[in-house]
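Undergrad: Following this message is one structure expressed as structure tokens.
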Amino acid sequence: MTVIDQIREHYPALSPTEQRIARHYLQHGRVMVFASASQVARRLGISTSTIVRFAQQLGYSGYVELQERMQSEYDAARRLVSVKVAREDLIEHVVRQDAENIASVLRNEEALISAGIALANAPRVWVTGSRSSGDLASIAWRLLNMVRPNVTLLDPNAADVADRIMDLEPEDVLLVFSMSRYAQEMVQLVELAPPRAGTVLVTDEHVSPLLPFADWPISVATQPAAMFRSLTAVMTALQALVAATAREIGDEQVDARLAKAEEFWARFGTFSSHLGRR
């Protein structure tokens, strides 16, 4: 069991301050690998003894033993990446790792179906995400807009975000994409947004600070095969979510919506009809 697995297992039983330490590790793991307990304590504005108690809650004798485990996992991960990059089967390794990540989507089948029903029946759906999750939110907005009206893309970094979010109604649903490292502006937006029918959260398998606000949490694996965390399973979950939404809406309404889109694309000449040379 990795340190992340241990944190995930013990997280519900941790105190609020210890949960804050856990989230700090998940977001700034590389810093904690080499930082002393006193350095982490100063960074978080808490006592060194609290850092030690956190390590003990995870089953370690103290922070030194926890840090040794962190360093061991970090070194092993670096060696693995180095070996894989140097070998000719790199591409196969990446594909196999992504296949394992995609399999994690199946653990969310019930949540995906329930979230799809909520997204289909809400008067308006608000979609948001920040940094790399903002790209996922943009794709989700585009796909959902193809199967239903009244889908709004919300940029948490926009200057007018407060002016826009105040229009969120009690029956609306908020769809949030948030991956580690979790953007602070997303936590603020979800926490301060008006009361709504519910929040769908698509996130990774870490302990997201947004989980307490989620009515339909969808957590998928983002295990990296090389340098960066994979978003392949997140895209699969996104497509499954749109499919569940479309099924709840029904073929007749979805087909009518798509036909209307085709009409306007043709009217505006949105897509090129040039097929290119053979």
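Undergrad: Cα-based Rg (one decimal) and Dmax (whole number) for the stretch 98-147, in Å?
TA: Here Rg and the maximum Cα pair distance are 12.7, 36 Å.
Undergrad: Helix-only estimate, please: 222 nm mean residue ellipticity of the chain, summing -39500 (n - 2.57) across DSSP H runs of length 4 or more and dividing by its residues, to the nearest 500.
TA: -18000 deg cm²/dmol
Undergrad: Which length gain, in nm to one decimal place, applies between residue 255 and residue 89 when the Cα-Cα distance is subtracted from 0.36 nm times their residue separation? Mind dumping the intermediate values first?
TA: Working: separation 166, 0.36 × 166 = 59.76 nm, distance 4.33 nm.
Fully extending the segment from residue 255 to residue 89 adds 55.4 nm.
Undergrad: At what distance in nm do the modelled label points of residue 48 and residue 34 sit from each other, each positioned 7 Å from its Cα along Cα→Cβ?
TA: Once both label points are built, they end up 2.1 nm from each other.
Undergrad: Treating the angle as unsigned and between 0 and 90°, give the value, to the nearest 10°, between the Cα long axis of helix 48-57 and the longest Cα principal axis of the chain.
TA: Tilt of helix 48-57: around 70 degrees.
Undergrad: Treat the chain as a sphere of radius equal to its Kirkwood radius over Cα pairs and apply Stokes-Einstein at 4 °C in a medium of 1.567 mPa s; give the translational diffusion coefficient in µm²/s, rounded to a whole number.
TA: Taking Rh from Cα pairs, D becomes 62 µm²/s.
Undergrad: Then there is this: Please give me the summed charge of the neighbours of residue 149: other residues whose Cβ is under 10 Å from its Cβ, Lys and Arg +1, Asp and Glu -1.
TA: It works out to a net charge of +4.
Bear in mind that the values in this text are calculations on the coordinates, not laboratory data. Not measured: the values here are computed from a predicted model. Heads up, the Cβs are rebuilt from the backbone with ideal geometry, glycines too, and the neighbour counts pull from every protein chain shown.
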